Structures are given as C-alpha cells and as structure tokens.
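Please treat every number below as a calculation from the coordinates, not as lab data. Bear in mind the structure is a predicted one, so any value in this text is a computation, not a measurement. Note: ideal-geometry Cβ built from the backbone for every residue, glycine included; neighbour counts use all protein chains shown.
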Amino acid sequence: MRIIHRYLLREYLTNYLFCSVGFLVLLIGNFIFEISDFLVDKRASFAIICLLVYYQVPYLLMDVFPAAVLFGVFLGLGRLARERELDVIRTAGWSFPALTGPLLLVTLFLCIGAFYFNDLVVPAANFRYQQEIRKLIHKDFIPFVQENVVFKGPDNRFFYLRRVNEGNRTVEGVMIYQSDGRFPRLITAASGWIEEQYWHLKQGNYYELDAEGNITSVTSFAELVEDVGEDLSIFLGRGKGVDEMSRAELKKYMELYAKSGLNISSFAVNYHLKVALPFAGLILAFLGLPFATMFPKSGRAIGLAVSMLLIMVYFFTTVLFREMGVSGLVTPFWAAWLPNVFFLVLGVVLLFRMIK
C-alpha cells in the first residue's frame, strides 16, 4: 500500500472512530434519559443501569455505523479537498478511483464485520437486555401466566390451552386438534409441561375421529409425549423479538409461521434488512466521496450539514420501503434493498460526473 493510501486511510479511520464514539455517547445519554422514569419507578440499582447500557451498546453501535462511515468520508476527504491537498495529489498523476479504491475496500471489510456483528452479537445482547427488563417488571409479581391461549401450529394442528405459566413452561387444560391425515384426531390433557418441540401431557385422552367428526376410538393415558414438530414458544409469550434473533433463527420462525398459514411479510422484510443495513455504510461511502469534494471552500459545517441530511433521507427512505414491504406493496427483498440500490446509483452517477 502506498504512503498516500495510508495517509488517506488514517484520516478516514480516525474520523470514523471519533464519530462512532461521539454518536454512541449521545445515543447512550438519550437511552438513559428515555428509560429514566422506568428505572426510578423500579428502583433499579446503579449496577443494573450499567448492565442495561452494556447490553444496549451493540444495538446502538449498529445504529451509528452508517452515519460514522459517511462522516468519516466527509471529514477525512473533505479536509484534504479544503486544504488543496487533494488537488496536489491529483496533479501528481493520481486518479480519483485509484486514490479512493483502498478506502472503499476498507469500508467493505468494515461492512462485512458489521454484518457478522449484527447477526451474532447484537441479537444475543438484545435478548439479554430484554431478560433484564422482564426481571425488573416482574420482580414484584408471580410468574407471567396466560389464560385461554388459542393458536394454529404447523401441520394443521390447532391448540387450546386454558392456562400457561411462562415461568416454568407448564400448561393446564390442553386440547390439540389435528386434521392433516385421512381422519382427524384430538388429544386432551389435564396438565403438562413443554420441552422444546416435545409436550409432556398428563391425565388425558386420545380420540380418533371419522370423516364426519364422530369419535371412533378413545384411549386414556396417564402420560403422553407428543412431538408437535417445532418449538412453539413464540406462540406462548416466550418467543424472541425480531431484534433478538439471528438470521438463521428468524428464518426458522418464518418457516414456522408459514406452515401455520400466517402472514410473514414483516419477518421477511426484517430478514433481508439484517443484510441490507450493515452494508449501508458502503453505499453511503460511495455517496460521500463526490459530495466531500463538492464543497471544498465551504468549510466543515457544510459537510456536516450535508452528511446529516443524507443520513436523514436514507433512513426515512428505509423506513418508508420497510412499511411498503410489510403491507405487501413491495416484495420483502426489494423493500430492504431498494434504498441501498437508489443511493448506490446516485453515488456512482455523481462519482462519474466528478471524475469527468
């Protein structure tokens, strides 16, 4: 790598790290302010507050990542343009693509790292954060209990549970109706407990029905282990939220919901966003390169203002297309990727115009 490349990368990465830390501090302050009333009401200790912040930091880092990349490009390359160093470098025979190629390559590696960080670290941290919040909410109460839970599972199974205890995963008044075979069947049980896809049922009856729904045989049991095919925790109040799941976990739940005949548009959009958002940094870097050299005499303030405007427009577009994807107006894949495609095309067009 040439000295000029190392010089440019040092400017870029220094500003990127500075902006990441600065934005992160601001978001942590805003986060603490937003939950301050809740923490005071629950009499949360300083250690708990620090733990909540610790678990929230990975999520906030992903929020600031695209903005930090764009600001790093603007401030780093913008300073070179403002102080005429960029003109000197280009006069020496360096083309703009040859000069900025390593910067984009480093940004690509940053985005790949952000993708794995977002897929492995962020969901785990979000899950731990939600666990701590639930502990604060329920610390003065008995374990969360639901009554009269009804849902449709995969393989045409319908479940009715009179009572579900989320704390120990026990159920009471169980009724499972399945009609995937030639003749339907019905299982009832007084109680039981759930272990992933296996339901351990006690004191119940196993009914076989004919095509008209009449009972043809009844078998009583003291204990029965029923394999329902999937872990149905998401239907029982114990499922993870979208932000608490990796792409592999989210895909599993998408398949489960699809088998149950439910709408998975929201899941599908978020599934693709888990890839699209980490690579937003590379897209905004492409867009930032031409803009950073457009206002060399206007100072840093103009660069910061343009950066903020681009970030706001990008995230507004992302939210807009996400809602369109959830509502079915756009396919989930394009709902996640169209903002990236649009801003990439805009950045490439401006870059070619600047080079010419």
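Taking Cα centre as origin and charging only the Cβ of basic (Lys, Arg, +1) and acidic (Asp, Glu, -1) residues, the dipole magnitude of the chain rounds to 1720 debye.
The HN-Hα couplings worked out from phi for region 6-22 by the Karplus form 6.51 cos²θ - 1.76 cosθ + 1.60 (θ = phi - 60°) are 5, 5, 5, 5, 5, 4, 5, 5, 4, 5, 4, 5, 4, 5, 4, 5, x Hz, whole numbers, x standing for Gly and Pro. Put simply, region 145-235 fits an ellipsoid with semi-axes of 22, 14, 11 Å; these come from the alpha carbon gyration tensor as the roots of five times its eigenvalues, largest first. Take 240-250, 17-27 and order them by the average number of nearby Cβ atoms within 10 Å per residue, most first; the result is 240-250, 17-27.
Could you work out the per residue convex hull volume over the alpha carbons of region 158-292, in cubic angstrom?
So the per-residue Cα hull volume is 129 Å³.
A simple spin-label model places pseudo-atoms 7 Å from Cα toward Cβ; at V88 and V53 they are separated by 4.3 nm. Ranking S265, W337, A98 by Cα position along the charge dipole of the chain, where only Lys, Arg, Asp and Glu carry charges on their C-beta atoms, puts A98 farthest toward the positive end.
Each pair of Cα atoms in the chain enters the Kirkwood radius, and Stokes-Einstein at 37 °C and 0.692 mPa s then converts it into a translational diffusion coefficient of 136 µm²/s.
What relative contact order, as a whole-number percentage, does the chain give when Cα pairs under 8 Å and 6 or more residues apart are counted?
Working: 516 pairs, mean separation 63.3, N = 356.
That works out to 18 percent.
Restricting things to Cα coordinates, could you compute the convex hull volume per residue of region 94-133 in Å³? Before the final figure, lay out the partial values.
Details: hull volume 2.1 nm³, N = 40.
So the per-residue Cα hull volume is 52 Å³.
Could you list D227, D63, D119 so that the one with the fewest beta carbons within 10 Å of its beta carbon is first and the one with the most is last?
Working: D227 9, D63 15, D119 18.
Exposure proxy ranking, most exposed first: D227, D63, D119.
Take every Cα pair under 8 Å whose residues are at least 6 apart in sequence, average their separation, divide by the length of region 1-71, and the relative contact order is 57 percent. The angle separating the long axis of helix 247-259 from the principal Cα axis of greatest extent in the chain is about 40 degrees.
All Cα-Cα separations within region 11-166 were binned at 5 Å from zero, giving a P(r) of 2, 7, 11, 13, 11, 10, 10, 9, 8, 6, 5, 3, 2, 2, 1, 0, each value a whole percent of the pairs.
Over 18 Å between Cα atoms, which of K252/K274; K135/K251; K251/K274 qualify? Over 18 Å apart, Cα to Cα: K135/K251. Which is farthest toward the positive dipole end of the chain among Y16, M324, N30, measuring Cα position about the Cα centre, with Cβ charges +1 (Lys, Arg) and -1 (Asp, Glu)? Highest projection toward the positive end goes to Y16.
Restricting to Cα pairs below 8 Å that are 6+ residues apart, what does the relative contact order work out to for region 12-163? Please round to a whole percent.
It comes to 28 percent, rounded to a whole number.
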